[in-house]
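The values are calculated or read from the model by the stated rules, or taken from the named source; none is laboratory data. Computed from a predicted model, the values in this text were never measured in an experiment. Quick reminder, even Gly has a Cβ in these numbers, built from the backbone with ideal geometry, and neighbours come from all protein chains shown. All accessible areas refer to the heavy atoms of the entire protein, side chains included, with ligands and DNA or RNA removed. Shrake-Rupley method; radii C 1.70, N 1.55, O 1.52, S 1.80 Å.
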Amino acid sequence: MGAQDMDPSLLQDFLTESSELIEKLDVDLVTLESVAEGDEQKELLNSIFRALHTIKGAASFLGLTTLITFAHAAEDALNRMRKGEIEVTSEVMDVLLRSVDVLRSMLEEINASEEITPAPDDLLGQLHALVGNDAPAKPDTEKQTQAQPEVKLEEGQTKLELPPQKVDLLDFMVSDLEEVVGQLTQCIEQARVTATRQDAAQHLAELAENTYKTGYFFELDDMSKVAKALEAVADHLADVPDDVLGEVLVRVAAAQTLIKQQTEALCKSIALSWPLDTFLQRLEQVTTGNPLDKDVTGKHNNDAAQVLVLDGVLKAPVASSTEGSNESTTPADQARAAAKKGGDAPTARGSVGEQTIRVEVHRLESLLNLVGRLVLNKNRVLGMTRKVREHDLPYEVEEQFAAAASDLDQLTGELQLGVMRTRMQPLAKLFDRYPRVIRDIARMTDKKIDLEIAGKETEVDKSVLEVLADPLVHILRNSADHGVETPDIRTAAGKPETGTIRLTAEHQGSHVRVEIADNGKGLHREMLGKKAVERGLVTPEQLAMLSDEEVFRFIFAPGFSTAEKVSDLSGRGVGMDVVRTNIAKINGAINISSAKGKGTTIEILIPLTVAIMPAMMVGVGRHLYAIPLTSITEIVRPEQNMVYTVSGQPVMRLRDTVLPLLNMRRILQESGDEPKNKFAVMIAVGQQRAGLVVDRLIGQQEVVIKPLDDRYTQGGPFSGATIREDGDVSLILDVIQLIRQAQTPERAAA
Amino acid sequence: MKVLLVDDSKTMRNIQKGILTQLGYTDIEEACDGLDALSKVGAFQPDLLLVDWNMPNMDGLTFVKQFRAKGSKAPIIMVTTEAEKSRVVEAIKAGVNNYVVKPFTPDSLSQRIKETLDRTAAA
C-alpha cells in the first residue's frame with residue numbers, strides 16, 4: 001500500500017506525530033548520555049526504541065521506503081544497546097543523534113513533498129558497524145516460501161495446514177514446548193513432596209494454560225485437550241489424597257509424553273491425534289480423588305508409556321518415556337527459561353499520555369480575535385449600564401439589564417480565560433531542545449558543561465514561546481561557547497572542571513522571568529568598551545560615565561561580536577542583536593549582570609499575555625492611560641510628608657521601604673489642570689518597584705491590546721493601545737520601561 | 001461486529017481503521033495504550049481486538065494477559081513487527097488468537113480476521 005492510496009490527512013498525521021516523537025528522541029538521547037546504567041537508562045532506551053519504532057511502523061504503511069531503511073538501521077543499533085550489547089558512549093551517541101537529525105530532515109522533505117534524500121553512506125556505515133554487520137539486514141521474505149520436506153504420514157498424523165504467518169512461528173514454538181516438557185518433569189518431582197505441592201500446582205497451572213493456548217493457536221486440538229486436562233489436575237493437585245497421588249502423577253507424566261511427541265512432530269509440521277477418551281476420563285477420576293479399579297492401577301509399574309498403552313492412547317511399544325525427557329532439560333534450556341521469565345516484566349511505563357486534539361493555530365488565532373472583539377463589546381454594554389441608570393427607566397428594566405450585563409461580563413471573562421489557556425504552552429517545548437545544543441557545543445569545543453534546567457513547566461502564550469525560541473538559543477550558545485572556559489583553564493582558575501549553565505523560568509506577577517546564568521569567565525568591561533569605541537557606538541568620554549550593565553548591553557548592538565574568532569557555533573555578531581529585537585517585540589526586557597571570573601547572568605522578563613489583560617485606567621492630564629493590573633501592587637495617596645527628593649529623584653517612603661516616584665504628567669508631557677490630591681500607583685516587576693504619580697483613578701477594565709508600530713513604542717513608555725468602552729483610544733503604559741527609567745533617573749530626565 | 005483498535009500511534013490507528021472500513025467493519029473503538037484499552041473493553045464489549053505490542057503505560061502483552069484474566073474470550077489479533085516476531089510465542093501463551101506483521105495489506109489483514117473469526121466460531 002503506497003502513500004498515494006492513503007488519505008492525505010494520514011500523511012499529515014504521520015508527520016505531526018513523527019515530529020513530536022523526534023523531539024522526544026532528541027531529549028531522551030541526550031538524557032541517556034548522562035544517566036548511569038540501571039533502570040532509568042533501561043527505561044529511556046525503551047522509550048527511544050519505541051519512538052523510533054512507531055515512526056518506522058507508520059512509515060512502512062505509507063511506503064516511505066528510504067525512511068524505513070534508515071530507521072531500521074538505527075533501530076537495530078538501538079536494539080543492541082537495549083540488550084546491553086553496546087555501551088552508551090559519546091561516540092555512539094554522536095551517531096544516534098546524527099541519525100535523529102537525518103530522520104528529521106527526511107520528514108521535512110516529505111512535508112515539503114520533496115524526494116527523500118537517502119541517509120549519508122558514512123552514517124549508515126557507522127550504524128551497521130554498531131550492529132556488527134556490514135550489510136544491511138535483509139528482510140526474510142523467503143522464509144514463508146520455504147518448502148517443508150515431504151514426510152510420510154502415519155496413522156494419527158495429519159499435515160498441519162497453517163497460514164504462513166503461523167508457520168513462521170513454528171520454530172519458536174517447538175523450542176518453547178521443549179521447555180514446557182522439561183519443566184513438567186520438575187513439576188512432577190515437586191508434586192511428590194507435600195511441602196512443595198502447592199508450588200507444583202501453581203507451576204502446572206501455568207504450563208498447562210500456556211500449552212493449551214499454544215495448542216489452540218497452532219490448531220493442535222488433541223494437545224489442547226491434554227493441556228486442558230492438566231489444568232484440571234493443577235486445580236485439584238493440592239487436595240488429591242495421598243493414595244491416588246501416584247496415579248495422578250503418572251498420568252501427568254503420560255500427558256508430558258504426549259506433549260513431547262507432538263513437539264517432535266511439530267518440527268515436521270505434523271499434528272497428532274490420539275484416542276484420548278479413556279485417558280482423559282481416568283485422569284479426571286483420579287484427580288477428583290476417586291481411586292481407579294485395582295486391575296487398572298496395578299499394571300503400569302508407574303511407567304507413563306505403559307499408562308498410555310493401557311489407556312488405549314498409544315500402541316505398544318513407544319519409543320520415548322518420561323525419563324527420556326529429563327535429558328532434554330539441559331542447564332542451558334533451564335537458563336533460557338529463567339531468562340525468558342525475567343524478560344516478561346512489562347517494559348513500557350513512561351509518562352502518561354496527554355489526551356489532546358490538534359487544532360490548527362489560525363483557528364485559535366481567529367477565536368482569540370473574536371474574543372477580543374467580544375470583550376470590547378462587553379465593555380460597551382457595561383458602559384451602557386451606567387447610562388441606563390442615569391435615565392429614568394422602570395426599576396425592573398434597569399435591574400434586568402444590569403443582571404444581563406453582569407452575566408455577560410462573567411461569561412466573557414471565562415471564555416477569554418479559556419481561549420487564552422488554549423494558547424498557553426509550557427516552556428519545556430523550548431527548554432527540552434537545549435540539552436542537545438549544549439551537548440553538541442561541549443563536544444565540539446572539548447568543554448565540560450552541565451545544563452541545569454528549572455521551571456520548564458512554566459506556561460506562556462504560544463506567540464511568546466515562538467519569539468523566545470531564537471534568543472534563548474543564542475544566549476545559551478554564547479554562554480557555552482564564550483562564557484564557560486575549557487577544563488584546563490577552569491582548573492587553573494580553581495574552578496570545578498565542569499562548567500554549569502543554569503536555565504530557570506518562573507512566573508513573577510504579570511511576567512515570566514527566564515534566567516540564563518553561567519559560571520564561566522564573565523564579561524570583560526574593558527574589552528567590551530574598547531570594542532564599542534572602535535565601532536563608534538560611544539565616545540571614550542561617554543564610556544567612562546556608563547555603568548557596568550550599560551557597557552555589557554553593547555553585546556546586544558547589531559554586528560557586535562567580541563569573539564576573537566568566528567566559530568560555527570556563535571560569534572558572528574548577529575545572534576545577540578536578534579535577542580534584543582525579539583524580546584523587544586513582545587515588550588520584554590533584558591538585564592545583564594556579570595562578574596569577571598565568576599560568570600554572567602542574563603535575565604529576560606516577558607509579559608505573560610499578549611492579547612487581553614485586566615488593566616487599571618488612570619487619568620493623567622487630559623488623557624486616560626491603562627496600567628496592567630497584574631503589575632500593580634497597591635495604590636496609595638502620598639501625603640506631603642512621605643515624599644522626599646534624593647539626588648534629584650523624587651522618592652516616597654512607604655512603610656519601611658523607599659521607592660522612586662515617576663511624575664507621569666512630566667513623562668507623558670500632559671498639561672491641563674493639576675488636581676491637588678494625586679495618586680501613586682505602585683508597580684512591581686520582579687524585585688524592582690516604583691510609584692507612578694497620576695491625577696485620577698478611573699477603574700478596572702479588561703483591555704484588548706492592539707499592538708503599536710515599533711516607531712511609537714520604541715523607547716517610549718507604551719506597550720500598546722486599547723479601545724475603551726466609550727470607544728476612545730487609550731495607550732497602555734509599559735511597566736518595564738517605566739521601572740527602568742525609575743532605576744536610571746538621569747535618562748528619564750533626558 | 002465491534003472492533004477495538006489498540007495502538008499508541010494515531011497514524012497507525014487511522015491506517016487500520018481505514019482498512020477495516022474498507023473491509024466493512026464500521027463499529028470501531030480506539031484506545032491509545034493497554035490501560036486505555038482496559039478501561040474501554042467493559043463498555044464497548046469488542047468482538048475482535050487488534051492490539052499493538054509496543055506501547056507506553058501498558059504494552060500489548062500485559063494488556064492481553066489482563067484482558068484474558070478477566071475471562072474475556074473475544075479474539076485478539078496481535079499487531080507486531082518483524083523484529084518482535086520471536087516474542088509472539090509469549091503473546092500466544094498470554095492468549096492471542098492470531099497475529100499480523102506490520103506493514104500489512106488490506107488483503108492480509110482481512111485474511112487474518114477471517115481465519116481468526118472462523119477458528120473462534122469453530123471452537
Over all directions, average the projected area of the Cα convex hull of the stretch A:31-112 and note it in nm².
5.2 nm²
Projected onto the charge dipole of the protein assembly as shown (+1 at Lys/Arg Cβ, -1 at Asp/Glu Cβ, origin at the Cα centre), which of B:46, B:98, A:591 gives the Cα projection farthest towards the positive end?
A:591
Other chains near B:99-107: what is the mean number of their Cβ atoms within 10 Å of each residue's Cβ?
4
Run the 1.4 Å probe and let me know the accessible area of residue A:725, rounded to the nearest 10 Å².
40 Å²
Residues hit by the 50 Å² burial cutoff in the stretch B:51-65, accessible area with a 1.4 Å probe, assembly against chain on its own, are B:54, B:57
With the dipole of the protein assembly as shown defined by +1 on each Lys or Arg Cβ and -1 on each Asp or Glu Cβ, the option from A:668, A:307, A:111 whose Cα lies farthest towards the positive pole is A:668
Subset of B:10/B:40; A:56/B:2; B:17/B:73 violating a 24 Å alpha-carbon distance limit
A:56/B:2
Compare the peptides A:18-30, A:75-87, A:48-60 by average per-residue count of other Cβ atoms within 10 angstrom and give them in order, highest first.
A:48-60, A:18-30, A:75-87
Just the ratio, please: alpha-carbon radius of gyration of the stretch A:612-749 over 2.2 N^0.38 Å, N its number of residues.
1.00
Helix-only mean residue ellipticity at 222 nm, the protein assembly as shown, DSSP H runs n ≥ 4 weighted -39,500 (n - 2.57), per residue, nearest 500. What is it?
-16000 deg cm²/dmol
Per residue of the stretch A:246-252, in order, report the coupling 6.51 cos²θ - 1.76 cosθ + 1.60 (Karplus, θ = phi - 60°) as ³J(HN,Hα) in whole Hz, putting x for Gly and Pro.
x, 4, 5, 5, 5, 7, 4
With only alpha-carbon atoms counted, please give the Rg and Dmax of the stretch A:175-311, in Å.
13.9, 41
Could you state the number of Å between the C-alpha centres of the stretch A:385-426 and the stretch B:21-93?
51 Å
Measure of exposure for residue A:538: accessible area at 1.4 Å probe, Å² rounded to 10, is 20 Å²
Ignoring ligands, DNA and RNA, please state the percent of accessible area on the stretch A:361-422 from carbon and sulfur, probe 1.4 Å.
57 percent
For B:10-19, mean number of other protein chain Cβ atoms within 10 Å:
6
Is there a simple number for the mean count of other chain Cβ atoms within 10 Å of the Cβ of residues in A:53-64, and what is it?
6
At 1.567 mPa s and 4 °C, Stokes D of the stretch A:3-139 from Kirkwood alpha-carbon radius, µm² per second
85 µm²/s
Let me know the charge dipole size of the stretch A:145-256 about its Cα centre in debye, to the nearest 20, where only the beta-carbon of Lys, Arg (+1) and Asp, Glu (-1) is charged.
40 debye
Name the residues of the stretch A:207-256 whose accessible area falls by at least 50 Å² when all protein chains are present instead of the chain alone, probe 1.4 Å?
A:213, A:216, A:217
For residue A:69 and residue A:12, what is the calculated FRET efficiency with R₀ set at 22 Å and r taken between the beta-carbons, to the nearest 0.05?
0.45
P(r) histogram, all alpha-carbon pairs of the stretch A:409-521 included - 10 Å bins from 0, percent
14, 39, 25, 14, 6, 3, 0
In whole angstrom, the spacing between the Cα centers of the stretch A:631-677 and the stretch A:257-271 equals 97 Å
So what are the stretch A:426-607's ellipsoid semi-axes, whole angstrom, largest first, if each one is the square root of 5 times an eigenvalue of the alpha-carbon gyration tensor?
24, 22, 14
Nearest 5 is fine: what % of DSSP beta bridges in the protein assembly as shown come out antiparallel, could you say?
70 percent
What size of dipole, in debye to the nearest 20, comes out for the stretch B:2-122 about its Cα centre when the only charges are +1 on Lys and Arg C-beta atoms and -1 on Asp and Glu C-beta atoms?
300 debye
The answer for the per residue Cα convex hull volume of the stretch A:361-422, in Å³, is 57 Å³
If you build a Gaussian network model of chain B, linking Cα atoms that sit under 10 Å apart, which residue out of B:23, B:35, B:49 swings the most?
B:23
Using the Cα centre of the stretch A:630-670 as the reference point, and only Cβ charges (+1 on K/R, -1 on D/E), how large is the resulting charge dipole? Debye, rounded to the nearest 20.
80 debye
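Under a 1.4 angstrom probe, counting protein chains only, how are A:187, B:32, A:267 ranked by accessible area, largest first?
On the way: A:187 5, B:32 40, A:267 80 Å².
Per-residue accessible area, sorted high to low, gives A:267, B:32, A:187.
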On the accessible surface of the stretch A:612-749, probed at 1.4 Å, how many percent belong to carbon and sulfur atoms?
48 percent
Long-range amide H partners of residue A:596 with built H, under 5 Å
none
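Could you calculate the FRET efficiency of residue A:445 with residue A:646 from 1/(1 + (r/R0)^6), where r is the beta carbon distance between them and R0 is 56 Å, rounded to 0.05?
0.75
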Mean 1/r over all different Cα pairs, inverted: what Kirkwood radius does chain B give, in Å?
14.1 Å
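Using a 1.4 angstrom probe on the protein heavy atoms only, could you order A:274, B:53 from most to least accessible area?
A:274, B:53
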Could you please state how large a percent of the accessible area of chain B is carbon and sulfur, counting protein chains only and using a 1.4 Å probe?
50 percent
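On average over all directions, what projected area in square nanometres does the protein assembly as shown have, based on the convex hull of its Cα atoms?
The directionally averaged projection comes out at 52.3 nm².
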Solvent exposure of the protein assembly as shown as accessible area per residue, Å², 1.4 Å probe:
48 Å²
Using a 1.4 angstrom probe and counting only protein chains, how large is the accessible area of residue B:25 in Å², to 10?
50 Å²
What accessible area, summed over both chains, is buried at the A-B interface (1.4 Å probe, Å², nearest 100)?
3900 Å²
Karplus (6.51, -1.76, 1.60) ³J(HN,Hα), θ = phi - 60°, over the stretch A:689-700, in Hz, Gly and Pro reported as x
9, 7, x, 9, 8, 10, 7, 9, 10, 9, x, 8
